[in-house]
1. When only residues in the range A:56-75 that are in contact with a helix residue (DSSP H, G or I) (Cβ under 6 Å, 6 or more places away or on another chain) and surrounded by fewer than 21 Cβ atoms within 10 Å (Cβ to Cβ) count, which is farthest from residue B:300 (Cα to Cα)?
2. Considering only the range B:31-55, state which residues are in contact (Cβ under 8 Å) with a residue 24 or more places away in the chain, surrounded by fewer than 19 Cβ atoms within 10 Å (Cβ to Cβ) and not small (Gly, Ala, Ser).
3. Tell me the residue from A:243, A:297 that is without any contact (Cβ under 8 Å) to a residue 60 or more places away in the chain, under 24 Å from residue B:24 (Cβ atoms), of a type in the set (D, E, K, R) and in contact with an Asp or Glu (Cβ under 9 Å, 6 or more places away or on another chain), please.
4. I'm told residue A:167 meets every condition in (1) part of a helix (DSSP H, G or I); (2) within 18 Å of the chain's Cα centre (by Cα); (3) touching a residue at least 40 places away in the same chain (Cβ under 8 Å) except one. Can you identify the failing condition by its number?
5. Tell me, yes or no, whether the range B:9-24 has at least one residue that is away from chain A (no Cβ under 13 Å), at pLDDT below 95 and at negative phi.
6. Every residue in the range A:201-239 that is touching a residue at least 60 places away in the same chain (Cβ under 8 Å), in a loop (DSSP other than H, G, I, E, B) and crowded, with 20+ Cβ neighbours inside 10 Å, please.
7. Among the residues of the range A:28-74, which ones are within 11 Å of residue A:113 (Cα to Cα), more than 11 Å from every other protein chain (Cβ to nearest Cβ) and not aliphatic (A, V, I, L, M)?
8. Considering each residue of the range B:99-119, count those that are part of a loop (DSSP other than H, G, I, E, B) and touching a helix residue (DSSP H, G or I) at 6+ places or on another chain (Cβ under 8 Å), and give that number.
Protein chains: 2
Amino acid sequence: MQRGEIRTPAFMPVGTAATVKAMKPEAVRQTGADIILGNTYHLMLRPGAERVARLGGLHNFMNWDRPILTDSGGYQVMSLSELRKLTEEGVEFRSHIDGSRHMLTPERSMEIQRLLGSDIVMAFDECPRADQPRDEIAASMELSMRWAKRSRDGFDSGGDDADCAALFGIQQGALDEDLRAISAQKLTEIGFDGYAIGGLAVGEGQEAMFATLDFAPEQLPADRPRYLMGVGKPDDLVGAVERGVDMFDCVLPTRSGRNGQAFTWNGPLNLRNARFAEDTGPLDERCTCPTCGTYSRAYLHHLQKSGEILGAMLVTEHNLSFYQQLMAAMRETISRGRFTTFAADFRRDYLG
Amino acid sequence: MQRGEIRTPAFMPVGTAATVKAMKPEAVRQTGADIILGNTYHLMLRPGAERVARLGGLHNFMNWDRPILTDSGGYQVMSLSELRKLTEEGVEFRSHIDGSRHMLTPERSMEIQRLLGSDIVMAFDECPRADQPRDEIAASMELSMRWAKRSRDGFDSGGDDADCAALFGIQQGALDEDLRAISAQKLTEIGFDGYAIGGLAVGEGQEAMFATLDFAPEQLPADRPRYLMGVGKPDDLVGAVERGVDMFDCVLPTRSGRNGQAFTWNGPLNLRNARFAEDTGPLDERCTCPTCGTYSRAYLHHLQKSGEILGAMLVTEHNLSFYQQLMAAMRETISRGRFTTFAADFRRDYLG
């Protein structure tokens, strides 16, 4: 992309409100991240898309000069906002921040993402719960496909700005192979620069997610990036890459970092556990991040127990670094034809 | 000192619980800080002084290899703990964290500060309210002077560890010139490596504080550092340096940073104020800190309004940098014999 290369498989740290929480952007870059994600829903409400545009765009506002992918707001508006009203036109809702009234449509979502200065724009979609009846899943998917076409048209009418950006469509259909196939075909007919697999990681569990990933990625064009939205745990990432996924985003490494959960090659650790109170070792012996090079588990335990901001900072930095080291290891073993061995070794160590 | 030079007048950032809140230690150093302060009361309760010692001392634990001054716990035990019982022996109290029972005496305070590995150890004292009757202030001061002698003896019996550390006595006597003189004489007779002015910045106001500083510093030995504890606002620091003070500590730049109050050469700013929402300028045009070099007031306003950790990080870094730039400007103008002009110019710009 114009703003920098994205090595795949890629993990995108989530920068919801124009910040990857508890991290300076230069430190995010130092973990190895090529691209971050911004949330349209949050940014449209605060500080507002027009305001971000007046302030020079999201990159300038938050001091991140590499690519940014923005979601469409479709998922968050259904999960976070209040008093939603869904129609063919779009979603009317009240802000969870101040109760103010807003409308999101495919056209408005494209406009907001253009105002933010997004490098990868996501089509506006609806994300149903995986446990809804099949006819509701089907109707929702059909709506998302009509919105995908309107997103394409809205994006294309955006003028020169759109020339530098990419537009991704989002496959829906929950766990149903036939619905996923229909969705993939409709998206392919419209034509996108990349394709996301939406509607997973919504509580269905890893087994059902992997079962869906056994068919969903290959329904999508092989020559375009495939992006699994909102995933996931380290073992989710490895299993999804095995099944053909190229891109991921997830709040897990950042959110867990603030809660004292650290990811390591030997599985997750809860730093609040008393067994770390006098543990002078690093979080992870193999990790190359600044936290592991400098601080003991005992100190990180103390910071977590004391509710100190530095605890959130250091464990977030480790977690994001660990995720990028994991992606780098997958890229490297894929390029050497040794990914199957890597995945087996990873699961042995990580899942214990 | 063995761990590094302390340029005076010096401002010591407060690292209460083995962290200068929201700052990595290397960033604290980059602001120009030569020394930080640790709180005996907090550290004895969590993680515990013996535990810190087993983990290699406070410097190693928190990754700060320059000097650390530790307070004696005397002030915090009276302001933060529960169910205090004050006797000639010391203070018995319950932890504000878990209600556990503890005893602080001059001897135990010296032992704790030795276990932490402090470079500048503070004598154990009692800090009365400035509005108490004179006889209570006098009795409290006399008790603090008896504790000062016991602190000296306890410190000196600490063996080789004490050889590398300095011990400071603390003058008491509230706003009373005669009591302050008696306190200074008793401390000088005992003999310390430096002398603190305690019992100020406890609500008496700047005018009363300056009136006390018109006589208190010169009552103390001229060839030893004079340290004004718990002070203060930028204009407090300038006025206190004019009156002969060499060292300061205060939570103000760090605490304010977390609350969105930024200090500038033109006075404090509250970043939550709506007038900053589209202000593309830096916090302070003259400031050389990374925050001012990189981020707009509009972005910092957004982070504060959104309750983002990065907002606390960036404004804390600015505030600590601003304080160090202020101290550096005072050192420089003092050395050039131009401090009086500097102080007048500072007040004109800062107080508007």
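The values are calculated or read from the model by the stated rules, or taken from the named source; none is laboratory data. In this text, all values refer to a predicted model and were calculated from it rather than measured experimentally. Here the Cβ is made from the backbone with ideal geometry for all residues, glycine too, and neighbour counts use every protein chain on show.
1. Only one residue fits best here, namely A:65.
2. Matches in the range B:31-55: B:46, B:50.
3. Numbers: A:243 fails: under 24 Å from residue B:24 (Cβ atoms).
Of the residues listed, the single one that is without any contact (Cβ under 8 Å) to a residue 60 or more places away in the chain, under 24 Å from residue B:24 (Cβ atoms), of a type in the set (D, E, K, R) and in contact with an Asp or Glu (Cβ under 9 Å, 6 or more places away or on another chain) is A:297.
4. Of (1) part of a helix (DSSP H, G or I); (2) within 18 Å of the chain's Cα centre (by Cα); (3) touching a residue at least 40 places away in the same chain (Cβ under 8 Å), only one is false for residue A:167: (1).
5. no
6. A:225, A:229, A:230
7. Result: A:38, A:39, A:40, A:41, A:57, A:70, A:71, A:72, A:73.
8. Within the range B:99-119, the first condition is being part of a loop (DSSP other than H, G, I, E, B), and the residues that meet it are B:99-100, B:105, B:117-119.
Still in the running and touching a helix residue (DSSP H, G or I) at 6+ places or on another chain (Cβ under 8 Å): B:100, B:105, B:117-118.
Residues in the range B:99-119 being part of a loop (DSSP other than H, G, I, E, B) and touching a helix residue (DSSP H, G or I) at 6+ places or on another chain (Cβ under 8 Å): 4 in total.
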